[in-house]
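Quick notes on the structure that follows.
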Amino acid sequence: MTTTPILIPTTWNVLFQALTDRRAVKATYHERLRIICPHALGWKNGHAKALVYQTAILDHQPNHDPQGWRSLFIDDIQNPTITNHQWHTAANYTPHTTGIDTLAAAIT
């Protein structure tokens, strides 16, 4: 009997698909469960990064506003899953951010 290997999408691939389809992602970053909306992917000093609009921290602290722009190291994003949460952006969006030196993909 031959088995077919199970292909698990990489974090980059999940974020890229979400960016392309303008879908929100549920993922853990620095031990916090978050809802993020990817807007740009690229590299900063040789490390993969994502510019996201964060809409929620699901285990959030009451005195902390979870919404806003975040520049996240992709290697630190765990268990990303595309969700049916509403995709968000902000009027001040620009893919040209100090968080990413080399842009690979972005919402235009």
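Once the convex hull of all Cα atoms in the chain is built, its volume per residue stands at 136 Å³. Ordering 50-57, 71-78, 33-40 by mean Cβ neighbour count within 10 Å, with the highest value first, yields 33-40, 50-57, 71-78. Exposure proxy for H88, H47: other Cβ atoms within 10 Å of each Cβ, ordered fewest to most, give H47, H88. Structural descriptor for the range 11-106: relative contact order 36 percent, calculated from alpha carbon pairs under 8 angstrom and at least 6 residues apart. Residue ranges 11-17, 97-103 sort as 11-17, 97-103 when ordered by packing (mean number of other C-beta atoms within 10 Å per residue, highest first).
Throughout, read-outs are computed from the coordinates displayed, never taken from laboratory work. On a predicted model such as this, the values are computed, not experimentally measured, just so you know. In this analysis, Cβ positions are derived from the backbone assuming ideal geometry, glycine residues included, and neighbour counts consider all displayed protein chains.
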